[in-house]
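Data block below; observations after.
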Amino acid sequence: MSISAEIAVGELTLEQAAEELARLAAEIHKLDVAYHQNDAPLVSDAAYDALRLRNVEIEARFPELVREDSPSRKVGAAPADGFGKVRHAKPMLSLDNAFSDEDVQDFDGKIRRFLGLSAEEPVEYVAEPKIDGLSISLRYENGRFVQGATRGDGVEGEDVTTNLLTLKDLPKTLQGSAPAVLEVRGEVYMARADFFRLNEQRAAAGEKTLFANPRNAAAGSLRQLDPAVTATRPLSLFCYAQGEIGEPVGDTHWEFLQRLRSWGFTVNERSTVCNNAAELLAFSSTLGTDRAGLPYDIDGVVYKVNRLDWQRRLGQVSRSPRWAIAHKFPAERAVTQLLEIRTNVGRTGAITPYAVLEPVTVGGVVVSRATLHNEDEIKRKDFRAGDWVVIQRAGDVIPQVVEVVREKRTADLPEWHPKDHCEICGSLAVKPEGEAIRRCTGGLQCEAQVVERLIHFASRDAFDIEGLGEKNVEFLHKSGRIKSPADIFTLAERESRPQLLPLKNQMGWGEKSVSKLFDAIEMRRRIGLDRFIYALGIRQVGQATARLLALNYHTLINWRAAMEEVAADPEGAARQHLVSIDQIGPSVADDLAAFFKEPHNSAVLDELQAQLTVEDFVSTVSADSPVVGKTVVFTGTLVTMSRDEAKAQAQALGAKVAGSVSAKTDYVVAGAEAGSKLKKAEELGVTVLTEEDWKALIQ
Ligand code: IVH
């Protein structure tokens, strides 16, 4: 225990307080794990309460020191497995972010291009405040509220129906006529005054923990296992979007918002129709000025294309709609001292520098690390350890170091130089000419890369193994239990009794937690090809590319054979086929080849195949789509839609879109002024369709 523990809270210096808060966070976390997961409390309740009380008292005296991992921030969140699961009838999407005026103009430009609109044609938007709460989906059947769920991972959320019933803003039955099935999406939030009042009441009642901000208070209050507790919390609700809906409601989003009001929902009164990008920017600037005076927290504004038919045509890219964007308020900034420059090694060996900072509060969050991007940036901006620097943080993005405060540099500070060896494994670290990033060449000999790759492998969008987060992966790797991805699937076998005991004790886990992890692993022995490819963590192969590969190669056997050919013959047909896939270029092909050239990676694949069933890729498109699995090339100028829209539509129908024509092409859709691709199609005898033929085909 540190010496500061004996000092009365009122007498702590700033340094002692910071040190003490760090110690308390670690200590309380350890006790929580022992109590909740291991069912084995390490100290008496009174001793535990005293620690939490001391934590709050110190935080009350030094609010600027409240840590991100403070126990006071974790209050109220019920264990996630306490609620039933709800599969959303339509996925709950998230939004792409715009940070600058330019980003907003780009958003408008992309929409116009996608829809093939002329510069004169007006595009209406609805601009709305972006409420800082938690999103929920509300289901009504025949005018009655039947179920409410949190967003969860967007596909599946938690059933919080009973808790939602306690909200005054939630209509239990709808006024007037409404579609028989109606899903409404909105945001549960806590008004600022309610938040302060709640914290005051808690303090007065001798509660040891206060909420850090209104959003945490709202989330903690809604996710209470006991609805009676939620009922005592002042939660509010704004509604702003549709989920599944039995029959169309109006032609525009604006009309939908009016209908929401007529049924009895609360719609934010600041929502407005804007006629162009300039009006959107004016809206955000006005709202930015009014922000502090609003009774609730907002973290930006949301712009949505008003016409619903356009929204449908625009569709979505991975998890965000093309027709909406969140415009975040400008980043909040602060000045602090850069204590040290360190580096991180990522799963692909990328070495990225970051700054260790004197902790500082930016926008309500304590920041002690920030990214420095890459070594060229450090050189260009001349960051040195000991400098005072400006840092900024916007929304949920990683804090960044922006610039040096030159006037504050007094001493002669040494320049920073990158090391030419990896700090973790000692292998050569090289930075190719013209590239911004230095990489460790140690591959899987490098501990950092192995651990990062394992973390990626188990992460949500990959194998999604609950319980195998960063900390546990690190532990399981360090203790020699998991060296390569396939080891995850033999863990249970190897750790069965009597070895289970050491695993339990070292992890501070209860038997239940261990068996839960084993169950979670077992559930993932079957996996779709797209997730499998993504999980391998190949450079430049993100979710979208993994999906394209799965769509085009269909089975693991096919894909693997093709990639091995690509690796063996850089000029061969396999490579030509690969780069002919729309959106896959030579640089991605090079990275795939590099991965398959590495004998170690082949071994990893063999081991995994022995453990898993990798399911053939099935597109979510219904099997009666006439173009499922067909390879299509679009060329020339189309009349009724842009080429981007045509491609997106074809992909949504399960077709593979290629950028060049080959014997494997099924259709070439030729618009006006089609050139060499049309000629090649004719030479090869590939079916050529006009735009009209194509539309008739997919009708
Ligand atoms: S629309 C498909 N409108 O922001 C569109 N979202 O960063 C779905 N949010 O998950 C969202 N205010 O929780 C929309 N007026 C608003 C919003 C809003 C807050 C939240 C919502 C969403 C998140 C995305």
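The values are calculated or read from the model by the stated rules, or taken from the named source; none is laboratory data. Bear in mind that the values here come from a model prediction, so they are computed numbers and not experimental data. When we count neighbours, we look across all protein chains shown, and the Cβ atoms used for this are built from the backbone with ideal geometry, even at glycine. Calculation scope for accessible area: heavy atoms of the full protein, side chains included, ligands and nucleic acids excluded. Shrake-Rupley method; radii C 1.70, N 1.55, O 1.52, S 1.80 Å.
A few comments on the model shown:
- D297 long-range amide H proximity, modeled H, under 5 Å: D132, R192
- Here's the picture: charge each Lys and Arg Cβ at +1 and each Asp and Glu Cβ at -1 in the chain, and of A355, P214, A204 the one pushed furthest to the positive end of that dipole is A204.
- Carbon/sulfur fraction of accessible area - segment 380-431, other protein chains in place, 1.4 Å, %: 50
- Using the rule -39500 (n - 2.57) for each DSSP H run of four or more residues, divided by the residues of the chain, the 222 nm mean residue ellipticity is -11000 deg cm²/dmol.
- Charging the Cβ of each Asp and Glu at -1 and of each Lys and Arg at +1, and nothing else, the dipole of the chain about its Cα centre rounds to 780 debye.
- Gained length - V335 relative to A119, 0.36 nm times residue gap less alpha-carbon distance: 73.4 nm
- Over the chain - Rg/Rh using Cα atoms and the Kirkwood inverse-distance radius: 0.97
- Highest average packing first - 438-448, 517-527, 174-184, Cβ atoms within 10 Å: 438-448, 174-184, 517-527
- For segment 55-191: rounded, prolate or oblate by the Cα gyration tensor [a/c cutoff 1.5]: oblate
- Cysteines having no other Cys beta carbon under 4.7 Å from their own, within the chain: C239, C274
- Reach of K483 by Cα under 30 Å, taken over lysines that are not fewer than 8 positions away in the same chain: K30, K419, K431, K471, K504, K512, K516, K597
- Residue-by-residue Karplus 3J(HN,Hα) for segment 165-170, coefficients 6.51, -1.76, 1.60, Hz, glycine and proline x: 4, 7, 7, 5, 7, 8
- For segment 570-582, 3J(HN,Hα) per residue [Karplus equation, 6.51 cos²θ - 1.76 cosθ + 1.60, θ = phi - 60°, Hz, x = Gly/Pro]: x, 10, x, 5, 4, 5, 4, 4, 4, 6, 7, 5, 4
- Hypothetical label at S602: residues of segment 526-566 whose amide nitrogen lies under 14 Å (7 Å Cα-Cβ projection): 560-566
- Debye equation applied to the C-alpha atoms of segment 279-414, log10 I(q)/I(0) at 0.10, 0.14 Å⁻¹: -0.50, -0.82
- Annotation: per residue accessible area for segment 298-444 equals 50 Å², rounded to a whole number [probe 1.4 Å, protein chains only].
- For the peptides 424-430, 450-456, residues were scored by their other Cβ atoms within 10 Å and the scores averaged per peptide; the highest-first order is 450-456, 424-430.
- Available extension along the chain between E11 and K679 is 232.1 nm, counting 0.36 nm per residue and deducting the alpha carbon span.
- Dimensions (Å) - segment 229-299, Cα atoms, principal axes, largest first: 38, 35, 18
- In order through segment 97-111: 3J(HN,Hα) via Karplus (6.51 cos²θ - 1.76 cosθ + 1.60), integer Hz, x for Gly, Pro: 10, 10, 10, 10, 4, 4, 4, 5, 4, 4, 4, 4, x, 4, 4
- Dipole magnitude for segment 169-262: about 440 debye, using +1 per Lys or Arg Cβ and -1 per Asp or Glu Cβ, origin at the Cα centre.
- A672/K483 FRET efficiency (R0 56 Å; Cβ-Cβ; nearest 0.05): 0.45
- Of K208/K328; K85/K172; K110/K656; K647/K695, pairs whose Cα-Cα distance is over 24 Å: K208/K328
- Basic side chains Lys and Arg get +1 at the Cβ, acidic Asp and Glu get -1 at the Cβ, and with that the dipole of segment 304-370 about its Cα centre reaches some 580 debye.
- Amide H contacts of E403 (H built 1.01 Å from N, in plane; Pro and chain starts excluded): V390 sit under 5 Å, all sequence-distant by 5 or more or on other chains.
- For segment 581-699, with all protein chains in place and a probe radius of 1.4 Å, 50% of the accessible heavy-atom surface sits on carbon or sulfur.
- Amide hydrogen proximity for L339: with H placed 1.01 Å from N in the peptide plane, the residues at 5 or more positions away or on another chain lying under 5 Å are V356, L357, E358, G386.
- Per-residue extension of 0.36 nm, minus the Cα-Cα distance of A278 and A610, leaves a gain of 113.8 nm for this segment.
- Sorted largest first, the spans of the alpha carbon positions of segment 335-452 along the three principal axes are 41, 33, 23 Å.
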